[in-house]
Structure formats: C-alpha cells, structure tokens
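Quick one: this structure, given as structure tokens, is what I'll be asking you about.
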Amino acid sequence: MLKVTDALREIIEGEPLLQFGLQHGLLNLSQVANYIRPHIQVRTKKPLTSSAIVMALSRMQNDIRRTTPQRDEYYINQIAIQANLCTYTFNKTKDVHRGVQKLYELVQKKNGYMTLSEGVSEITLIIDRKFQSDAIALIDDKPTFSHDTVASVGIMFDEKFTREVPGFIYIILQQLMLQGINLIELSSTFTGLNLYLDEKDTKLAFETLYALFKRRESLSKAL
C-alpha cells in the first residue's frame, strides 16, 4: 500500500502539465486536490480528505520550485535554423551500415548536411532533401520510418549549463511540449542541442525559445 506522498508523486510525474503548474505556482491546490483525490484513494487504499492532499501538494510544490532551475538562471547564446531536411530510420544491419557510409562520404564531398544516430537495433539519419535519391539508391533496405519535411532548430549555450544546471535540457523541451510541438528527433553535443521537427512548426519553435530565454548576445536566425 502506497503512502500518500508516494501516490501523489506518481501522479505528478505522469502529468507534465501538472508538473509545470506546480513549478510555476499557477494552480489552485484545493481544486487540484479535489480532482486527484479519487486517484490517490485508489492507490493508497484508504479514505482521504482534500485538505490532507492540499497539505501534501503544498509541500511537494515547494520542493519542485526549490529544485527546478528557473528560466532566469540560464540563457541561450544562439539559435540557428536549418531547413529542407528529411529523415530516414532503418533496421541496423551490415548492409545498411555500408550504405550509410557511402552516403556519408558523398554528402561530405558535396558539403551537404547529414547527421546520424545509432541505437541497439536502428539507425536514423537526417540529410539535405537534395540527397533523398542518393539515400534510396545507396541504402539497399526499406526505411521503417521517413519524414520528408524536416527542419532543425540548433541551440548553442554555455558549457556551465551542461555542467552545473540539472534539468536544463528538460526545461527547453518542456517549452516546446507546452506549445504542442512534436519533436521528430534530437541530437546533442557538449554545448549544443539540435531539435528536429516538421517545417510547419519551425517559426513557433524559434519564437518560443527566443522569447523565453535570456540572451547574453544577439540570437541569429540562419536559413
């Protein structure tokens, strides 16, 4: 049987919007308590009053606000947009590896754009759309997923945020989630994050990140 605080934590961790509301003090805790009380009672298997849940919510809200970095604690140095991309995902095989290597050499020779990520069983590559026919010709396998209208929003930031600010990447992704922007893929370096999304969402993503983060130097939009 769960404790009230454990049941409450499970519910909050499963609801990003509830986390966001508590983090920023946007919610009426009494209304939240009334809403989630039946769910907590099922998990704890005991009757509870809304006032008891309000007290637990208040303590948890203080913990969340104390441990979550605030937006004024960090900033983005630069945002760059790369348009006219597409993405393919393949099952990872030796033949696919060979095809991807040939494609990479071709893209590099022509100074094109290509990035790839490799998991346990899949390989995903993102390339300039002008290399679509080359990808199909060189990789002798059918992709398990493809998307033809992809753009990249590249974010650059100081290395201290990677070293010192827990949850920095999460806060960036949270802003896009709150705008209903779906990420197709993402990749990162030590001081950079590339967010891949549908081209139709590029303007909203750029404006969201530009407006919400303090900037030490001018942000640039490179098309």
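The values are calculated or read from the model by the stated rules, or taken from the named source; none is laboratory data. Everything numeric here is computed off the predicted structure, so don't read it as measured data. Glycine gets a Cβ as well: all are built from the backbone with ideal geometry, and neighbour counts include every protein chain shown. Accessible surface is based on the protein model in full, side chains and every heavy atom, while ligands, DNA and RNA are left aside. Shrake-Rupley method; radii C 1.70, N 1.55, O 1.52, S 1.80 Å.
Mind scanning LYS130/LYS203; LYS109/LYS142; LYS94/LYS130; LYS109/LYS203; LYS92/LYS203; LYS110/LYS142 and naming the pairs with a C-alpha gap bigger than 28 Å?
Exceeds cut-off: LYS109/LYS203; LYS92/LYS203.
What 222 nm value per residue comes from the helices of the chain, counting each DSSP H run with n ≥ 4 as -39,500 (n - 2.57) and dividing by all residues, nearest 500 deg cm²/dmol?
That comes out to -14000 deg cm²/dmol.
Ok, one more. Which label marks the calculated value of volume of the Cα convex hull per residue in Å³, given the options (i) 131; (ii) 159; (iii) 140?
Entry (ii).
Treating the angle as unsigned and between 0 and 90°, give the value, to the nearest 10°, between the Cα long axis of helix 50-67 and the longest Cα principal axis of the chain.
Taking the Cα atoms of the chain, the angle to 50-67 is about 40 degrees.
How big is the gap, in Å, between the Cα center of region 145-160 and the Cα center of region 70-122?
Cα centroid to Cα centroid, the span is 9 Å.
When a/c reaches 1.5 or more, the comparison of a/b and b/c decides; with that in mind, is region 69-180 rounded, prolate or oblate per its Cα gyration tensor?
Since a/c reaches 1.5 and a/b is larger than b/c, the shape of region 69-180 is classed as prolate.
Keeping the other protein chains in place, figure out the carbon and sulfur percent of the accessible area of region 133-206, with a 1.4 Å probe.
54
Rounded, prolate or oblate: pick one for region 163-202, where a ≥ b ≥ c are the square roots of the eigenvalues of its C-alpha gyration tensor, a/c under 1.5 means rounded, and failing that, prolate if a/b is larger than b/c, else oblate.
In terms of gyration-tensor shape, oblate.
Enter the angle in degrees (range 0 to 90, nearest 10) between the Cα long axis of helix 202-212 and the first principal axis of the Cα atoms of the chain, meaning the one along which they spread out most.
50
Could I ask something else about it? Loop only by DSSP, 16 or fewer other Cβ within 10 Å of the Cβ. Give me the GluC sites (Glu not before Pro) in region 131-218 that pass, ordered by residue number.
GLU217
I would also like to ask the following. Relative to the longest principal Cα axis of the chain, at what angle does helix 29-44 sit, 0 to 90 degrees, rounded to 10?
Its long axis makes an angle of about 90 degrees.
Hey, another quick one. Among rounded, prolate and oblate, which fits region 132-198 when a ≥ b ≥ c are the square roots of the eigenvalues of its C-alpha gyration tensor, a/c under 1.5 means rounded, and a/b larger than b/c means prolate?
Judged from the Cα gyration tensor, region 132-198 comes out prolate (a/c at least 1.5, a/b above b/c).
Follow-up. Leaving out ligands, DNA and RNA, and with a 1.4 Å probe, what % of the accessible surface on region 1-104 is carbon or sulfur?
With neighbouring chains kept in place, the figure for region 1-104 is 50 percent.
Mind listing the phi-derived Karplus ³J(HN,Hα) values for region 141-154, rounded to whole Hz, using 6.51, -1.76 and 1.60 with θ = phi - 60°, and x for any glycine or proline?
6, 8, x, 7, 7, 8, 8, 9, 10, 10, 10, 10, 10, x
Compute the accessible area per residue over the chain, keeping the other protein chains in place, probe 1.4 Å, unit Å².
That works out to 57 Å² per residue.
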